Every structure is written in structure tokens, then in C-alpha cells.
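These notes concern the structure reproduced below.
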Amino acid sequence: MDIITGLLTTAVLAGGVLALAALGEVICQRVGVVNLGVEGLMALGAVTAIAVTISVPNPSVGFAAALLVGLCFGMVFAMATVLFRANQVLCGLALTLMGTGLAATVGRAFSGMPAKATFQPVIVPYLSDIPILGPAFFSQNILVYLTFIILPVAIHYLMFKTRHGLNMRAVGENPGAADAAGIPVLAMRFWYVSLGAALAAGAGAYLTLAFVPSWSDGIVAGRGWIAVALVIFARYRPMNVVMAALLFGLITALGYVGQARNWPVAPALLGMLPYLGTLCFIIVPVIVLRRMRQLPAAPAALGLPYFRDVR
Amino acid sequence: MNFQYSFSRRRFLALSAAASSSLIMPGWVGKAGAAPLAAIKEEDAIIAFGLTGPVSDEGWNTKQNEGAKAIQAAFPKAKTLVVESIPFSADASRTFRQFVQEGAQMVFSTSNYGDFFASVVERSPEVAFLEADGRRVADNLGWYYAAHWHPTYVLGVAAGLLSKSGKLGFIASFPVPMAISSSNAFMMGARSVNPSATLQVISINSWFDPQGANQAASALIDNGCDFLFGVMNEASYLQVAEQRGVRAAMWSSDMRRYGKNAYVSSIIPDWTAFYVDQVRKRLEGTWSGGGQTLLPLGGGIDRDAWGETVPAEVAAKADAVREKIIGGWSPFTGEIKDTTGAVRVKAGETLDEVALYNWDWSVEGVSGLST
């Protein structure tokens with residue numbers, strides 16, 4: 001395979017894990033809730049997908065089961081943070097610890113078993129014939145298309161082109177005003193937080209069904225935290241999040257290609273590339289483009305529980 | 001893979017010092033100068049194991065746990081304690097101290113926990129300690145490891161015969177002696193049958209990161225490598241090799257179910273005989289500190305049964321080399337050049353086992369790990 005095609009292929013596959021988790025986090029943060037439980041949800045999703053495909057060898061069933069498990073844990077998290085107004089950071093950390101621990105315990109029975117069913121590449125006619133780009137972007141599995149095309153477009157449309165999306169953003173910016181306007185703040189937050197958590201678990205299932213097809217404890221290896229960081233880096237926009245994840249995947253893959261081609265750079269430095277790259281991509285545009293400084297960053301009510309009676 | 005090294009500056013300095021010092025005694029089993037510790041009755045015996053990861057990892061820790069089980073089977077009245085997933089932090093000290101408080105008379109540290117372990121060893125002179133991949137000895141402390149470079153050389157011979165492109169790939173964790181000796185032995189084995197073979201190493205800066213190993217494997221294959229080896233404890237690069245139609249050799253356990261066409265063999269340690277022997281000595285009152293043990297090929301470390309796509313003549317040629325090594329021949333005999341082409345081992349000289357254990361330079365043909 002051509003070296004650039006190979007680079008892009010792994011970048012898309014690796015970036016997809018981050019993109020899916022980060023899309024879930026965008027939904028969650030846009031309604032004003034920080035979910036730091038992504039790492040734990042990914043672990044749960046990964047182990048669920050493996051466990052389910054062992055009894056039902058169909059990757060779609062495994063993926064759906066992971067979404068469902070994510071939804072359930074998301075509802076528990078939303079109940080604590082949205083309905084009972086507990087501290088979001090603490091609950092998120094608890095969810096990460098519980099998720100990774102529970103996944104490790106449940107996963108004991110499944111470690112060392114290859115995934116019984118995985119998503120196979122679906123080749124898009126015509127588009128996959130484009131030189132260099134075609135094989136990397138249009139000969140991937142269905143989850144890649146879902147993550148890079150279908151979901152971001154759908155979420156972008158929902159958030160920025162519909163009345164419902166406007167309401168959603170209002171809940172994240174100023175829940176008091178939204179409430180006064182008759183938007184069901186708590187219901188909105190509850191369901192979008194749960195949905196975001198489902199996508200995070202879906203990212204875990206992506207990991208074990210399409211990328212590294214087996215379960216082992218620690219398989220997520222910190223990618224959940226990177227997904228949370230990417231959301232901030234991408235300024236809470238679904239399209240940007242996907243591009244940021246792809247960029248991150250590309251720079252990571254570049255580090256390995258650099259080692260494989262024996263560039264005269266220390267491996268430790270090449271391993272740092274994604275983080276150095278992210279820093280550059282955050283700092284440089286802000287310095288170069290004046291306009292970037294004025295862009296609104298986080299939703300104004302991010303991280304704050306909503307109390308109707310305390311204004 | 002939860003191997004042996006936490007790569008810290010202090011650790012690196014200690015290793016460099018060990019490598020450059022000639023004070024360490026050569027040989028399979030080093031000095032045992034101290035007075036033996038007193039005998040224990042079997043029913044009073046408590047043997048403790050500190051593990052780096054879960055016993056279900058299908059790799060290093062599974063094998064260590066098999067050792068613990070073998071002890072339990074051999075001495076049914078004794079009690080064994082196994083603690084999994086001990087982090088490389090002050091928690092390690094706490095765990096080892098706990099073993100001592102619970103009355104353990106013998107403690108196995110299945111990885112090198114450095115000073116976290118040493119501090120407990122110093123305070124408990126009546127307890128016998130054994131450290132895998134250790135470098136230090138004391139009156140109550142010995143170290144042990146396996147001479148993995150010998151079976152690795154055998155796999156290298158097979159790789160040299162099986163590779164069409166002559167480009168081999170290696171997925172390492174960090175540039176530490178374990179990875180260096182492993183890649184060197186693999187390269188020397190391959191070059192013994194294909195003098196133009198080369199080995200490209202990628203360090204993924206982790207002992208366990210399936211996603212990283214997966215990407216590293218893709219990068220190596222894209223670059224023309226058609227045989228992968230590494231020091232990872234999991235099968236992700238084997239799965240990539242299977243998908244891409246190249247071959248791979250593994251570490252720690254039989255992983256052929258992850259890729260039956262790609263699987264060539266694996267380096268498999270077996271600690272059971274050594275552990276049972278050490279415990280027996282401790283119970284009899286003949287165990288003493290200072291032991292330095294490297295389990296030999298065929299006696300604690302070996303290759304796995306060949307994969308089903310390995311041609312019989314390749315297996316036969318590699319096995320002939322294996323027999324020769326078991327018979328006492330060392331493949332690590334000069335002239336050996338380093339990556340700059342300088343002769344590091346003169347013709348006729350042989351690197352001894354401790355020098356191989358502490359190997360800190362790459363041989364000619366290996367790129368990416370160290371100079």
C-alpha cells in the first residue's frame with residue numbers, strides 16, 4: 001500500500017475512536033454538562049461489544065448493545081448531575097473510575113478472546129477509486145462513515161439549523177432564560193447527557209469491533225481524556241471536532257511512520273507530536289488571526305447545575 | 001506489556017552502571033555467599049507474589065500466576081498470596097510491606113519495582129526476596145530472569161527464511177536492555193540466513209497500548225516489512241499482520257487463535273520449575289540470598305509450537321539452531337558490529353549471559369532503537 005494512503009487509513013481508523021467519543025461530549029457540553037466519565041464509558045462500551053458479539057456474532061448487535069449500556073450509565077450520571085445537581089466533575093471522575101473498574105471485572109471472562117465478529121470494510125463505488133484519498137476514506141467500515149460523515153452532519157444540522165437546536169444551545173448558555181421561555185431545561189439536559197454517554201460507549205465498541213478486535217484491561221489507554229480535550233480544542237462544534245480528531249489521528253500516525261522510515265528524531269519526541277501539534281494548533285491561530293480571540297468559547301452555563309428557585 | 005522496566009532516569013542510571021561494571025558475576029547462577037535463612041515447616045509457609053497486571057492478561061502475569069499455582073500444587077499445606085496490578089509507585093512498597101506483615105517468609109516480585117521494592121527488602125532481613133529482572137542482590141535478595149535472547153535468535157532464523165522483502169519490523173516499548181537484547185538477537189538470527197536483512201524498530205512508549213501497537217504495525221507494513229516481532233503482551237499487531245497478509249511472532253503465550261495464518265511462534269517463559277525449586281530450598285533451610293539466575297533455553301524459556309503456515313523445512317532449520325544452542329553453542333560470538341559499523345565484539349569473543357542481559361547497544365542492521 002502507498003505510504004500516504006497507509007498513513008491516512010490508520011489516521012482515519014484511530015481518529016474515529018476519538019471523533020465518536022468527542023461528538024458525544026459535544027452534545028453533552030452544549031447543554032451545559034461536563035461529562036468526565038468518557039474514559040469509563042468507553043471501557044464499558046468496549047467490553048460490552050466483545051461480550052455481546054461472543055454470543056451473537058453480529059457487530060451491529062454488539063454496537064447497539066454498547067450504545068444501550070452507555071445510555072443506561074449516562075442516565076445514572078444525568079440523574080446525579082442534572083436532577084440531583086451533584087458536582088459534575090466529581091460525578092464524572094466517579095463514572096470513569098467505576099466504568100474502568102467494572103469493565104475490568106466483567107472483562108476478565110473475555111480477555112484473550114478475539115472478537116467473534118467485526119465491522120468489515122464497505123467500499124463506496126467511484127469514490128474509492130480516487131487516488132491516494134479513495135482507499136483511505138472510502139474503503140473503511142460503516143462505523144467510520146457514521147462517525148465522520150453521517151453523525152457530524154446530523155448533529156450540526158440539529159444544533160445550528162433547527163429551533164430545537166437553538167433551544168438546546170440556550171439551555172447550555174443560560175438555563176434560567178431558557179426556562180423562562182418555556183424550554184424544559186432538566187429534560188433537555190437529562191436526555192442529551194444520556195445520549196452523549198451512549199456515543200462515548202459507542203466509541204469503545206468502535207475500538208473493539210473495528211480497530212483492535214479483542215478486549216484487554218486498559219485498552220482505552222487514556223483516549224477518553226483526549227476526546228474531552230478535543231472538544232475544547234474544537235470549540236464545541238461537531239464539524240470541528242471531527243476534523244480535530246482526524247488531525248490528531250494523523251499526527252499520531254505520522255509519529256509511527258516517522259519511526260518506521262527512520263527519521264533522525266528521537267522516538268520519545270515523535271511520541272510527543274500529537275500533543276505538540278495540538279498546542280501549536282491552539283496557539284498559532286489565536287496569535288495570527290485577531291478574530292479567533294473573540295470567538296465565544298465554552299457555553300456560558302457549562303458545569304453549573306441549574307436551580308430553578310435560585311436566581 | 002507489563003514487562004520489566006519502569007523507565008525512569010534513576011533506573012536508566014542504575015542500568016548504565018550495571019552494564020558498565022564488571023563486578024556482576026557471569027554465568028547462569030551467580031554467587032550465593034550469604035548464610036542460608038532458617039528452615040520453615042510447610043504448614044507455616046506463606047509465599048507471596050506481586051504482579052504488575054491482571055492474571056487474566058494472557059501474557060506475563062498469566063505465566064507468573066501459573067508459577068504460583070505450581071507452588072501451591074507442590075506444597076499443598078503452604079499458603080500462597082497473589083496480588084495483581086501493583087502500580088509502579090509507593091503503593092508497591094505498601095503491598096510488599098503488607099506481605100511481610102502477613103507473615104510471608106518468601107516474596108516474589110515479578111517485575112523490577114526498583115527502590116519501592118528495595119526499601120522493603122532492607123527492612124526485612126528474615127524474609128527471602130526474589131526479583132524478576134532485578135540487578136541488585138543482598139543477603140536476603142536474589143534476581144532471576146530468562147535468557148530470552150536464545151529462543152528469540154531461533155525465531156530470527158525463521159523470520160530470515162520466511163521474509164521475502166528482507167525487511168523485518170519490531171515493536172518495542174522503550175529503548176531498554178530487554179528490548180535491545182530482544183531486537184538484536186532477532187536481527188542476528190535473521191542475518192545468519194539472510195545477510196542483507198534489516199530490522200526496523202518502533203518504540204510505542206508503553207508496555208501496553210494495543211491502539212499504539214496496531215498503528216505501529218500498520219506503519220511498519222506500509223514501509224515494506226513482511227515479518228513483525230515485538231515485546232508486547234497482547235495480540236494487536238498479530239491481528240494487523242493477519243489482515244495484511246504478513247507474518248508475526250509474539251511474546252508470552254500462544255496467540256495463534258488471533259491470526260492462524262500470520263502466527264509463526266512465540267517466546268514462552270515457564271517459571272514453574274524454578275519457583276518450586278526456590279520454595280523447596282526456602283522450606284528446607286538451604287535458600288540464601290545473592291542468587292542470580294537466567295533460565296536457559298529449554299529450561300524455563302522456549303519457542304512455542306510452530307504456526308500452521310510455517311513450512312516444515314523452515315521449522316527444521318530453525319530447530320536445528322535451537323538444538324545447537326541447547327548443546328552449548330552461543331550465537332552471540334564475534335565479530336559483532338554495532339549500527340555505526342564499529343566492531344564491538346571481536347572475532348572469537350563471546351558475549352556472556354550477563355552482558356546479554358544488560359545489552360545497551362544495537363547490532364548492525366537494526367535501526368530505530370539506539371545508536
Could you count how many residues in the range B:246-281 are open to solvent by less than 10 Å² (accessible area, probe 1.4 Å) and assigned to a helix (DSSP H, G or I)? 2
Scan the range A:208-219 and give yes if some residue there is under 26 Å from A:ILE54 (Cα atoms), assigned to a helix (DSSP H, G or I) and within 10 Å of chain B (Cβ to nearest Cβ), otherwise no. yes
Search result, residues across the range B:213-236 that are facing chain A (nearest Cβ under 7 Å) and assigned to a loop (DSSP other than H, G, I, E, B): B:ASN223, B:GLU234, B:ALA235
Within the range A:176-197, how many residues are in contact (Cβ under 8 Å) with a residue 24 or more places away in the chain, of a type in the set (A, V, I, L, M) and open to solvent by 20 Å² or more (accessible area, probe 1.4 Å)? 2
Can you tell me which residue in the range A:243-287 is nearest to the other protein chains (Cβ to nearest Cβ), limited to those that are among the aromatic types (Phe, Trp, Tyr) and farther than 18 Å from B:GLY212 by Cα? A:TRP263
Could you tell me whether any residue of the range B:309-317 is modelled with pLDDT of 95 or more and of a type in the set (D, E, K, R)? yes
Quick check: is even one residue across the range A:159-175 without any contact (Cβ under 8 Å) to a residue 60 or more places away in the chain, aliphatic (A, V, I, L, M) and buried (at least 19 other Cβ atoms within 10 Å of the Cβ)? yes
Would you tally the residues in the range A:226-265 being modelled with pLDDT of 90 or more, not hydroxyl-bearing (Ser, Thr, Tyr) and not in a helix (DSSP H, G or I)? 1
Tell me, please, whether a residue that is in a loop (DSSP other than H, G, I, E, B), over 30 Å from A:GLY303 (Cα atoms) and touching a Pro at 6+ places or on another chain (Cβ under 8 Å) can be found in the range A:132-153. yes
Residues of the range A:99-155 satisfying the condition of being over 23 Å from B:GLN243 (Cβ atoms), buried (at least 18 other Cβ atoms within 10 Å of the Cβ) and more than 14 Å from chain B (Cβ to nearest Cβ): A:GLY99, A:LEU151, A:PRO152, A:ILE155
Complete set of residues in the range B:47-71 that are more than 14 Å from every other protein chain (Cβ to nearest Cβ), outside any helix (DSSP H, G or I) and either within 30 Å of B:GLY230 (Cβ to Cβ) or at pLDDT below 95 (or both): B:PHE49, B:GLY50
Only one of these is assigned by TED's automatic domain parsing to the domain that holds B:ALA185, open to solvent by 10 Å² or more (accessible area, probe 1.4 Å) and β-branched (Val, Ile, Thr): B:VAL343, B:VAL363. Name it. B:VAL343
Only one of A:LEU41, A:LEU67 is more than 14 Å from chain B (Cβ to nearest Cβ) and open to solvent by less than 10 Å² (accessible area, probe 1.4 Å). Can you tell me which? A:LEU41
What are the residues in the range A:180-213 that are under 21 Å from A:MET98 (Cα atoms) and among the small types (Gly, Ala, Ser), if any? A:SER194, A:GLY196, A:ALA197, A:ALA198, A:ALA200, A:ALA201, A:GLY202, A:ALA203, A:GLY204, A:ALA205
For the structure I just gave you, tell me whether B:ALA179 is crowded, with 22+ Cβ neighbours inside 10 Å, within 27 Å of B:PHE108 (Cβ to Cβ) and outside the structural domain of B:PHE116 (by TED's automatic domain parsing). yes
Among the strands (runs of 3 or more DSSP E) lying completely within the range B:102-212, list those that include at least 1 residues that are within 14 Å of chain A (Cβ to nearest Cβ). B:167-172, B:198-203
When you check A:ILE50 against the structure, is it closer than 30 Å to B:ASP226 by Cβ and surrounded by fewer than 24 Cβ atoms within 10 Å (Cβ to Cβ), yes or no? no
What is the one condition in (1) crowded, with 24+ Cβ neighbours inside 10 Å; (2) touching a strand residue (DSSP E or B) at 6+ places or on another chain (Cβ under 6 Å) that B:GLN72 does not satisfy? (1)
Exclusive hit being within 26 Å of A:GLY222 (Cα to Cα), at pLDDT 95 or above and not assigned by TED's automatic domain parsing to the domain that holds B:SER111, set B:ALA241, B:ALA213, B:ALA262, B:ALA248: B:ALA241
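The values are calculated or read from the model by the stated rules, or taken from the named source; none is laboratory data. Since we're looking at a predicted model, the values are computed, not measured. Every residue, glycine as well, gets a Cβ built from its backbone with ideal geometry; the counts of neighbours run over all protein chains shown. Each accessible area value is taken on the protein alone, full model and side chains, heavy atoms only, with ligands, DNA and RNA left out. Shrake-Rupley method; radii C 1.70, N 1.55, O 1.52, S 1.80 Å.
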